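Here's the structure, in structure tokens; my notes come after.
The values are calculated or read from the model by the stated rules, or taken from the named source; none is laboratory data. If you're wondering where the values come from, they're calculated on a predicted model, not measured in any experiment. Backbone-built Cβ (ideal geometry, glycine too); neighbour counts: all protein chains shown. The area values use the complete protein model at the heavy-atom level, side chains included, leaving out ligands, DNA and RNA. Shrake-Rupley method; radii C 1.70, N 1.55, O 1.52, S 1.80 Å.
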Amino acid sequence: MKGSILKNMQIFENIHPLRNWRRLMVREEKLIGFVPTMGSLHEGHLSLIKQANKLCKAVAVSIFVNPAQFAPNEDLDKYPRSLSDDLAKLSAINCVDAVFLPKVEDIYPAGITLDVEKQLGTFVEVKGKSHQMEGQSRPTFFRGVATVVTKLFNIVQPDHVFFGQKDIQQCAVIKNLIRDLHFPLELHVGPTLREEDGLAMSSRNKYLTPEMRKVAAILYQSLNAVKHAFEQNIRDRKNLLAPAYDLIENKSRFIKDQNLDFSIKLDYLSLADPESLQELDEVGENGAILSDEHACEILKTGTSNSKSANQHIYQNIYQYYYKESLNLYLAPTLLSNSPKQSIIYPTLDYSMFEKNEI
């Protein structure tokens, strides 16, 4: 499949041919826009690609499920993969010049294990932006993101990169990475696209059952309640966050009363400075990023046969994590490295939905 043509789209599985393509684009004086993805593409991804196509003469997209950003108990093996469908979607929008499908051994020549203590090779970490908010529950996640993004930037060498506002903390991490490592490129942040029920489009939404979708919606509702309080000129942390706590507590009680086969618990509710990502007691003129996460545990019981042919009861607990975030104030400098760059939008952002089996 290397170097083959699919309509106007070349597909590369190896680094050297992609770099040859990149050199050709430079000789033709074409700006290169780059959209890194983990595949299982949806309209949110496609909107970023269309944004790149409007600005740049050449557009590259990568599809790579990055093992370094998964913890051992997370869903690397189960993460949605739909390459044929992804390529069809990319071809259909006729905006993509190159698709990069790297192998794990090319991105991580020293190999990769999910146990951070046993990893070998070179890794990148953005201190001060990676261990709060989502980093509380996934302490090595942004290390993996920063590492793979650095590698992809070095391989593709784009002029412009495009990320979704849905993953707002990730964008802040990448903004600092670009600054600190002196990458000669511009970061653009596209607005969040949502499903009809309000959930932000996410590859992991495929995990959701109808009942789980109803639960996930509570975060969207709770942050909307905080946004309403903010619009009523409430600025102190306690009174801003109280409506969100109440809604989530009521939903948790409802699930318990209905004897559903899952439960939810709030992991954190964050009101953070848009630049430092440190927690705020009061929202000032720079505004704030509001985000929360709760875990939904599903207990399933069944029977299985052991090697001795004796039937026994087993239980599986599946953990799903729902995250949402929003800007409480329009802060154009949050993710911009230059006046030309896109700004963050003051809208609610559903961050990521995860499925962990333990």
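What are the residues in region 139-162 that are open to solvent by 10 Å² or more (accessible area, probe 1.4 Å) and at pLDDT below 95, if any?
PRO139, THR140
Being surrounded by fewer than 17 Cβ atoms within 10 Å (Cβ to Cβ) and either closer than 25 Å to HIS131 by Cα or aromatic (Phe, Trp, Tyr) (or both) is the filter here, so list the residues in region 177-218 that pass it.
Selection gives ARG179, ASP180, LEU181, HIS182.
Any residue at all in region 78-99 that's among the acidic types (Asp, Glu), within 17 Å of PHE34 (Cα to Cα) and in contact with a strand residue (DSSP E or B) (Cβ under 8 Å, 6 or more places away or on another chain)?
Yes, region 78-99 has at least one match.
Mind checking whether some residue in region 245-262 is at pLDDT below 75, open to solvent by 50 Å² or more (accessible area, probe 1.4 Å), touching a Ser or Thr at 6+ places or on another chain (Cβ under 7 Å) and not hydrophobic (A, V, I, L, M, F, W, C)?
no
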